[in-house]
Amino acid sequence: MSQVNSGAAGPSAGSDVAAATASTKRNKPQYHAFTQQQLPACKPILSPHMVIPVLAFVGLVFIPIGLACIAASNKVVEVVYRYDTKCVPGNMLHNKVAYIQNASIDKTCTIVLKVPRDMKRPIFIYYQLEKFYQNHRRYTTSRSDMQLRDPKQASAITEFCKPEAYAANGSPIVPCGLVAWSLFNDTYSFAHRRGRGGHTEALTVIKSGISWRSDRGHVFGNHVFPKNFQNSSLVGGGQLDPTKPVSSSANFRAFFLLPSSSSVSTMMDGDCGGVQLSEQEDLMVWMRTAALPRFRLYGRVEADLGAGELLAVEVRNNYNSYSFAGKKAVVLSTSGLLGGRNAFLGRAYVVTGVACFVLALQLTLLCLDDFILKIYYDKAGDLWLSRGWKTFFHEHHLNAGDLLICTFDGHDLLTFKVFSISHCRVLYDTSGVAEGGEDPQVSGA
Amino acid sequence: MNIAVCSSESSYEPAGEVLQGNDGASTLLTRIKDEEWSDDRLNVPERNPDRYFDSWRVMNQYFLLIACLQLWSTITPVSPATTWGPLAIIFIVSASKEAWDDYNRYLSDKKANERRIWVVKDGVRRQVKAQEIHVGNIVWLHENDEIPCDLVLIGTSDPQGICYVETAALDGETDLKTRIIPSICANLSPEQLGKIKGVVECPNPDNDIRRFDANMRLFPPTTDNEKCPLTISNTLLQSCYLRYSEWACGVAVYTGNETKSGMSRGTAEPKLTSADSMIDKLTVAIFVFQIVVVLVLGLAGNIWKNSHGRKQWYLMYPPEGPWYEFLVIPLRFELLCSIMIPISIKVTLDLAKSVYAKFIDCDDQMFDWETSTPAHSANTAISEDLGQVEYILSDKTGTLTENKMIFRRCCISDTLYGDNNGDALKDVGLLNAVSSNDPNVVKFLMVMALCNTVVPIKSNDGTISYKAQSQDEEALVNAASNLNMVLTNKDSSSVEICFNGSKFYYELLDVLEFTSDRKRMSIVVKEIGSGKFLLLSKGADEAIFPRSCPGQEIKTYQEAVEMYSHLGLRTLCLGWRDLEEGEYKEWSKKFQDASCSLDNRENKIAEVCHSLEKDIHILGITAIEDRLQDGVPETIKLLRNAGISVWMLTGDKQNTAIQIGLLCNLITPESNGQLLSINGKTEDDILRSLDKALVVMKTSPERKDLAFVLDGCALEIILKHSLESFTRLAMLSTTAICCRMTPLQKAQLVGILKSSGSLTLAIGDGGNDVRMIQEANVGVGISGREGLQAARAADYSIGKFKFLKRLILVHGRYSYNRTAFISQYSFYKSLLICFIQILFSFSSGVSGTSLFNSISLMAYNVFYTSLPVMTIIFDKDISETTVLQYPQILLYSQAGRLLNPSTFAGWFGRSLYHALAVFLITVHAYADEKSDMEELSMVALSGCIWLQAFVVTLDTNSFTYPQIILVWGNFVAFYVINLILSVVPSLQMHNVMLRLCNQPSYWITMALIVTVGMGPVLALRYLRKVFQPSAIDVLQQIEQTNRHIETYRNMESSSGTYLDHLLTDLRRNKDSIHQPLLSESLACSR
């Protein structure tokens, strides 16, 4: 009789085992903590121990920073004078647009400013133009950066420049587009009088170095000269000197980081000698479109002004802000660590810091409050346990079926004896580790 | 061409239309003639992009529309690159993935197509490429060849006309299958084979690999013009291998995509997870919101233009615009707001999903050492559904049990063996009976050894091993051989057995095959010595008992069956009948006719078989044990605790099923549970018991464990008459046992649960579970002993049932949590940037100016924000052990708590708040002389990036080094990229970042944005954690505590109680918890 194996796989059991181990090796996924999702992990959870210190820390850091910011902002002296209506003669007030559009009227107007506090050099002069939507879509796109960068591309204006792309004779306008066309053209000249009755002295307004250093020569090419600018019948804004390149070649210096941390001084060229004349820097400043409909920038004065000094500003009021009821103002400001006078950051820091602090305090109170049980009598004279009871329940690991015996001293102490479902007295350990302990006591109100 | 193969159309009728001979064949074959043999997979490249488009079609069209609108320069706020870029990247990524797959497919197809095959073509035997085989060619194969197309076998090297094939590639079954040549082809010499002419009538190509109802006629002079039936056992199917036969030859009947394997390879419909459909709904909601915003802003913009804009002389508004002028501003806003729907969400989610799938593939703890099979996810897209499963429908045999059959007990002529020691093979009584040649016992053993389809394989050293399709048969034959009744040899026509050393020979006349309807099989043999004809039967008790001979007392047998099934054993009833020669001859003719019929063959055969299987003398009952798999009871308990309803669907008897159910914790014993049986003799009875069960189910107290039992015929009636109340019952009941189920019914049950909105998971191991697996939302296959069929059809395959808990509770839950975060975060970050744009539009005259430049916008969506969010795929809220310890937590993801309209509203609010914080702080800090557009936009953008990093950090539960590296590395990368960009003079951002980094006010502003943005979020989250902790919070607390103070009294149990309380709440409010925000939110919250 032939030998019979009971198992189907019997006859080659030995080789099967070998094969199995081989295939096991092949099939078995390689162990790696990454593929097994077993990488060492840190699992912080939002516990009071973490959240309260964090909040407190944030408050602690933010309040001083905020105060410092406020101080920095307060150190900046700023004089703002709105002149858009003041500079219109009384008889023209009812029709300001007609006034501004009438080229025959002399638009010079002089205003007197009083310096409130000492102003240290450099003093920056800004114009402030409100309700002017430089960020309007029709406006922002109406320019050709290519044309500004490369003289050869002068005629390669894209359709973006429309409707200010070509002059009447069909030749291209450089710089083209609405942005350049509407260049701001009010001008200011300053004179100050030292002390009471002192002599009047003109202040030089330096208009070089007010644009971004990186713009000069890069964004605005060195050999690009204005062509056909403001030639059309409809004159928008200021004129440009056709003999000057859009960017000054003498100022061609690769941008590099200035060690100064002030935004304004980074923006300004460090050349204080005033050798450099402005080479269409007004245009460069203008063409860095502002994101908000309130913006400014004009030039700077390298002089110190004392408190109480009077400053005469001769304004050439050329720019038409009247048709859109935009305000115009001239601003003198010193520069601080964080730029111009802007209390927002400081205030926001203080508010945030205080809020964090208060929140931390509140949470701490809540944490403490957890252990206070509210007890009150209702109208029928029954005793009720209310707020805090739930926490008490969980804190003491009470389970359904536990027996509690309470003793109330009538004032503010409620003592519990807890018996578990197995009728054993449960003793709580207040110290946290050792055995033995006492009954929970609760203060109530 | 020598043999014409005709495919008769579905009606199978027209023998008359079948054209004769080889010349007619060419006309007949036109339908399939010119097709090149190509693998079905060749077509996939064309199909896959379709699929890709299907699921994301709407979204893609949307993005394409946006991209096209951006080409219109009047309205585009940013350069078209912002949409075209990401769109191109997305398409390149998916297309290159597809292309890589296609290339690999192409290579393998090419290899298959260019294989050289010996073919007789035009009477000449030569080698051709596999793709050149045409229908009607005679194909010559050698041992171990892969079969290139579906063939009808006409000759083999074996004189009996037998050959063996391995069908593992087709159905996953590893045993060898016998294939036999049709009777009319017997006696043909190899020379004749090349020249024969004839017609094969075969049905249209289908994918049924178990059926081939065809006919064959050979023309004179070879043989007489007789019709010969063909069955699946006469075929060699594509992608099987020829084994143990020197050569075989056959006629090609189906080639290319029409082969059985080609037809069954059809692509499954892509499954959409419930999380995905939730995301789709949220997308639609955001789209509606976007339209509203666009309309409102567009209107406002037009009003502003007319009231203010025309007064701004520097804008030079022309007095008369083109006719479409009123559309320009709304369309600009549409483009500005188009980023509300994140373009990157698809890529991000796809990537995340494939990582989840990789984690499953690599999981060390789901590796089955016994069979050395790792877990595998064939479908990489549906891991989230695993975490939301509500119903598990499990097969029994091979899934819950080991499918390792062991013969344990038997009952032979009223004597029970194996009762005392639980193993009949060691029962002294039985051994004695065997040695004393007790005629009843000998007959019993003979049926055990003969009545089967087992193939004995003799190895060189004389040992015999058995190859069987059915584990039960193998167990029986092995048991018989242990009791000295050895099946030693078997071929197509004869069997040799050896009992107590003496050999017996039998002629094997007919096999009356097993079908699931008949539930029995029989063979007819002729004893060589005595010339007696015998019918040997075995089958289910209810299939055999009614056919017992009228006089026989079967009560003891019935009791034995009852008893065995109470022990959870599988019973088979063995029977025997002597046949008269005349009776057999007559029957044999009918059987032949039935086997030849093309139409309704199965039924006809069943009818004929029925006529012979009567008056059976019952010999006894066998009881086979199928042990539960390792870890099944624990797994089922865990899954049920996790709030998943587990149903057992089996083809087995009710009693056996209930016993197994008790053993594996599926149902609780009588004291705590109640088993509601739905049965009855008539339709009314069944429906009445259904109603009764429903009433009991509704009124019973919650604690009680209720389950219902139902069998196949009851289900059939219920489905016909009372589907609605059955659905209600199914929703109420957490457990059910359905026995006597056919594969179709299993799939129907899945369909019922699915249609009632539940997420179903079907798990099974055999071919009979394939339909159910494909029908269910998630199909899991166990790569078990019944072959790989189920595992192939399934979305996930695992080695053992016990791995299911890890698959669902660990992988499913994590996947869901992660997808929930990633998708909502994607919306959050898109909304954030979009809200800032909208806020900015109010200060730019509602003209639709984009605050951010094109490069920043594109990079924001594609680089800066998509990397940090990917870190969430490594995040674990609570550890695996905790999840397995508190499986109830699954209810959280099951109920869709982390991704639903209300959580989304939270994210929406957060993005609005953050946008306000970023915008207002930026605008105020950078007011006046600093308000350069480029600078301001960069400050706002960096504010967003800072917030992103902190948001991801706050929402991460566990930090591992890749997470920290990615989040903060990305943060650093943002600065590096922007500093590099600011060196390029031709860009608008020239020098911007450099200037900003030098300003203290910039850094101060950033710190302010982060504090103001995150402070309230942190505080809210903290307060919620303290005063309204979710179950996850509690578990995190427990984890933390357990790590620090190992033995803190009661901590675990008390938190556990609280947790239970929370989780019970969770269960109770599963559906009613969310406040509807969207119209369909109740339905879609699941």
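Using a 7 Å offset from the Cα along the Cα-to-Cβ direction at both B:Arg1024 and B:Glu586, what is the distance between the two label points in nm, to one decimal?
8.3 nm
Find out how many positive minus negative residues lie around B:Ser537, taking Lys and Arg as positive, Asp and Glu as negative, among other residues whose Cβ is under 15 Å from that of B:Ser537. Could the numbers behind the result be given before it?
Working: positive: B:Lys443, B:Arg518, B:Lys519, B:Arg520, B:Lys538, B:Arg547, B:Arg577, B:Lys614; negative: B:Asp472, B:Glu473, B:Asp510, B:Glu513, B:Asp541, B:Glu542, B:Asp578, B:Glu613, B:Asp615.
So the surrounding residues net to -1.
Please order B:Met1014, B:Met485, B:Met59 by the number of other Cβ within 10 Å, starting at the fewest. Let's see the in-between values first.
On the way: B:Met1014 20, B:Met485 24, B:Met59 17.
Ranking B:Met1014, B:Met485, B:Met59 by Cβ neighbours within 10 Å, fewest first, gives B:Met59, B:Met1014, B:Met485.
Calculate the FRET efficiency for B:Ser277 and B:Val976 from the Cβ-Cβ distance with a Förster distance of 35 Å, rounded to the nearest 0.05. Let's see the in-between values first.
On the way: r = 40 Å, r/R0 = 1.13.
That gives a FRET efficiency of 0.30.
If you restrict to DSSP beta bridges whose two residues both lie in chain B, what percentage is antiparallel, to the nearest 5?
70 percent
Ranked by Cβ crowding within 10 angstrom, fewest neighbours first, how are B:Trp369, B:Trp907, B:Trp313 ordered?
Arranged by neighbour count, lowest to highest, B:Trp369, B:Trp907, B:Trp313 become B:Trp369, B:Trp313, B:Trp907.
What's the exposure ranking of A:Lys328, B:Lys311, going from fewest to most Cβ atoms within 10 Å?
Values: A:Lys328 24, B:Lys311 16.
Lowest count first: B:Lys311, A:Lys328.
Using the Karplus curve 6.51 cos²θ - 1.76 cosθ + 1.60 with θ = phi - 60°, what ³J(HN,Hα) values do you get for each residue of segment B:862-868, in whole Hz, with x for Gly and Pro?
So the Karplus estimates, Gly and Pro as x, are 8, 9, 4, 9, 7, 6, x Hz.
Is there a simple number for the mean count of other chain Cβ atoms within 10 Å of the Cβ of residues in A:42-52, and what is it? If you can, show how the numbers build up before the last one.
On the way: counts 7, 12, 7, 8, 11, 6, 3, 0, 1, 7, 1.
Mean partner shielding for this stretch: 6.
Just to confirm a number: summing +1 for Lys and Arg and -1 for Asp and Glu over residues other than B:Lys443 whose beta-carbon lies under 13 angstrom from that of B:Lys443, what do you get? Spell out each step's value before the answer.
On the way: positive: B:Lys532, B:Lys538, B:Arg577; negative: B:Asp438, B:Glu527, B:Asp578.
Summing Lys and Arg as +1 and Asp and Glu as -1 gives 0.
Could you derive backbone 3J(HN,Hα) for segment A:102-108 from the dihedral phi with the Karplus parameters 6.51, -1.76 and 1.60 (θ = phi - 60°), listing whole Hz in sequence and x where the residue is Gly or Pro?
Once rounded to whole Hz, the list reads 7, 6, 7, 7, 6, 9, 6.
Just checking the output field for B:1016-1023: average partner chain Cβ neighbours within 10 Å of each residue's Cβ?
On the way: counts 2, 0, 7, 9, 0, 2, 11, 6.
Other-chain Cβ atoms within 10 Å of each residue's Cβ, averaged: 5.
Taking 25 Å as R0, compute the FRET efficiency from the Cβ-Cβ separation of B:Ser756 and B:Leu663 and round it to 0.05.
0.25
Grab the other residues whose beta carbon is less than 10 angstrom from that of B:Ser157, score K and R as +1, D and E as -1, and report the net.
Details: positive: none; negative: B:Glu143, B:Asp158, B:Glu246.
It works out to a net charge of -3.
If each residue of separation counts as 0.36 nm, what is the full-extension length gain between B:Ser157 and B:Ser492 once their alpha-carbon separation is subtracted?
Numbers: separation 335, 0.36 × 335 = 120.60 nm, distance 1.43 nm.
The span from B:Ser157 to B:Ser492 would gain 119.2 nm if fully extended.
R0 = 22 Å: FRET efficiency of A:Thr35 with B:Val93, Cβ-based, nearest 0.05?
On the way: r = 23 Å, r/R0 = 1.03.
For R0 = 22 Å, the calculated efficiency reads 0.45.
For the Cα atoms of chain B, what angle does the longest principal axis make with the long axis of helix B:325-337, in degrees from 0 to 90, nearest 10?
The angle comes out near 60 degrees.
Taking only Cα atoms, what is the 0 to 90° angle, nearest 10, from helix B:1031-1044's long axis to the longest principal axis of chain B?
Result, in degrees: 90.
Output ³J(HN,Hα) for segment B:728-735: one whole-Hz value per residue in order, computed from phi by the Karplus curve 6.51 cos²θ - 1.76 cosθ + 1.60 with θ = phi - 60°, and x for Gly and Pro.
Residue by residue, segment B:728-735 yields 5, 4, 4, 5, 7, 8, 8, 9 Hz.
Just to be sure I understand the model, the point goes 7 Å from the Cα along the line to the Cβ. What's the resulting B:Ser436 to B:Leu916 distance in nm?
9.8 nm
Sort out for me the Cα centre separation of segment B:347-408 from segment B:809-880, rounded to whole Å.
Spelled out, the Cα-based centre of one part sits 32 Å from the other.
Taking a spot 7 Å from the Cα of B:Cys713 along the direction of its beta carbon, which residues of segment B:505-534 have an amide N less than 19 Å from it?
From segment B:505-534, the list is B:515-521.
Distance in nm between label sites at A:Lys28 and B:Glu132, each 7 Å beyond Cα in the beta-carbon direction?
5.0 nm
Enter the angle in degrees (range 0 to 90, nearest 10) between the Cα long axis of helix B:44-69 and the first principal axis of the Cα atoms of chain B, meaning the one along which they spread out most.
With rounding to tens, the tilt is 20 degrees.
Among B:Ser758, B:Asn853, B:Ile808, pick out the residue whose Cα is farthest towards the positive end of the charge dipole of segment B:723-857, where Lys and Arg carry +1 and Asp and Glu carry -1 on C-beta, about the Cα centre.
Most positive-ward Cα: B:Ile808.
Using the charge dipole of chain B (Lys, Arg: +1 at Cβ; Asp, Glu: -1 at Cβ; taken about the Cα centre), state which of B:Phe287, B:Leu400, B:Leu416 has its Cα farthest towards the positive end.
With unit charges placed on the Cβ atoms, the residue in question is B:Phe287.
Enumerate the amide H contacts of B:Leu676 below 5 Å, restricted to partners 5 or more residues apart or on another chain; note that Pro and chain-start residues carry no placed amide H.
Residues meeting the criterion, in which the H sits 1.01 Å from N, are B:Ala707, B:Phe708, B:Val709.
Values in this text are rule-based calculations from the coordinates and carry no lab data. Small disclaimer: the values here were computed from a predicted structure and weren't measured. Neighbour counts run over all protein chains shown; Cβ positions are idealised from the backbone, glycine included.
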